[in-house]
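Just below is one structure, and these are the notes that go with it.
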Amino acid sequence: MTRLAKLVRIVRFVRFIRALRTLTMSIVSTLKSLVWSMVLLASILFIFGVLFTDVTTTHLKDVPGPWDPSSVEATLNTYFSSIPRSMLTLYACILSGLSWSEIAYALESAGWFYRIVFDAYISFACLAFLNVVTGVFCHSAIESAQRDHDMLVNSMIQNKAFFLAGLEKLFAAIDDDNNGAITITEFERHFNDVEVKNLLEALGLDPADAWSLFAALDVDSSHTLNAQEFLEGCLYLRGAARAIDIAHIKKDLRKIKETLVDQTAQRSESLQVACSSLVLTRYGHRRVTHSFVPSAFTA
């Protein structure tokens, strides 16, 4: 029980160390990919192991022993005498456990074709298989880190703290008279400063000019920005537009469109009535129809 309690404490301790937690969760998330990678690797090793074991057995029958320990026959007998030994040899060759050039030289005695097949196996395993497996592991680790809720919350808190610290520094750099408010004059004066530009880019704010950014931040149209207004506005404008922001814009545009259509219809109707009244006043003794209304007013 004491050891179990210690293990639980260690697990809880790991939760509060972000770097160690990331590594642990990433390794755990790649275990499934590791299992399937080993299954695929075992299949490849088995196929080539059967081939090279058969080649070695056939070649050694033509060259009966005993062999000199330094001969290629002895090397073939050591590394390819059975299928399990052949698979272990092929596995060691791609992980630098053995010098694959020595194995390739020994297989060359059985025929150039088998030397080429062995070279092709080494090229495929080292340049394709291992790189693909590494990429899969990295992708699984990244996805695991992105799905970790606690890690995301901690990352957002740290990023927000960094962002607020940078904004406070930026506000202090622009506020020349230190009265706790920024005017458009102060903002425009410091907008092209190297320090201000670098801070804006580092914080994800890259406006085209000072007026556009100041107008976006000045929500109450007071032509001044206090510290809270500046910080909240920059937090809202930071980064790319979110889906919810785009949805709000679409909703507002839809309302504006409906309002304009209604107003246009009302004004068109009022204009048509006014034109009809004018025609009746001028041509009262005649029968007035819709054709009397000029086409320019009824359009």
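The sole residue among Tyr105, Tyr114, Tyr91 that is part of a helix (DSSP H, G or I), at pLDDT below 90, open to solvent by 30 Å² or more (accessible area, probe 1.4 Å) and within 23 Å of Leu127 (Cα to Cα) is Tyr105. Residue-level analysis places Met25 outside the set of residues that are modelled with pLDDT under 80 and open to solvent by 100 Å² or more (accessible area, probe 1.4 Å).
Residue-wise test of (1) assigned to a helix (DSSP H, G or I); (2) farther than 24 Å from Ala161 by Cβ; (3) at pLDDT below 75; (4) touching a Pro at 6+ places or on another chain (Cβ under 6 Å).
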{"position": "Asp176", "(1), (2), (3), (4)": "no, yes, no, no"}
{"position": "Glu186", "(1), (2), (3), (4)": "yes, yes, no, no"}
{"position": "Glu195", "(1), (2), (3), (4)": "yes, no, yes, no"}
{"position": "Ser222", "(1), (2), (3), (4)": "no, yes, no, no"}
{"position": "Ala247", "(1), (2), (3), (4)": "yes, yes, yes, no"}
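Among the residues of segment 57-86, the ones that are among the acidic types (Asp, Glu), under 21 Å from Glu102 (Cβ atoms) and open to solvent by 40 Å² or more (accessible area, probe 1.4 Å) come to 1 in all. Determine if segment 206-220 includes at least one residue that is modelled with pLDDT of 75 or more and open to solvent by 80 Å² or more (accessible area, probe 1.4 Å). Checked against the condition, which is being modelled with pLDDT of 75 or more and open to solvent by 80 Å² or more (accessible area, probe 1.4 Å), segment 206-220 yields at least one hit.
Is at least one residue of segment 126-137 in a helix (DSSP H, G or I), modelled with pLDDT under 75 and touching a Leu at 6+ places or on another chain (Cβ under 9 Å)? No, that holds for no residue. Go through (1) modelled with pLDDT of 90 or more; (2) closer than 30 Å to Thr134 by Cα; (3) open to solvent by 40 Å² or more (accessible area, probe 1.4 Å) one by one and return the number of the condition Asp54 breaks. Asp54 satisfies every listed condition except (2). Within segment 179-190, being within 11 Å of Asn226 (Cα to Cα) and over 37 Å from the mean Cα position of the chain (by Cα) holds for Asn179, Gly180, Ala181, Thr183.
The values are calculated or read from the model by the stated rules, or taken from the named source; none is laboratory data. Quick caveat: nothing in here was measured; it's all calculated off a predicted structure. Because the Cβ atoms are built from the backbone with ideal geometry, glycine has one as well, and the counts that use them run over all protein chains shown. Surface areas here come from the heavy atoms of the whole protein model, side chains and all, with no ligands, DNA or RNA. Shrake-Rupley method; radii C 1.70, N 1.55, O 1.52, S 1.80 Å.
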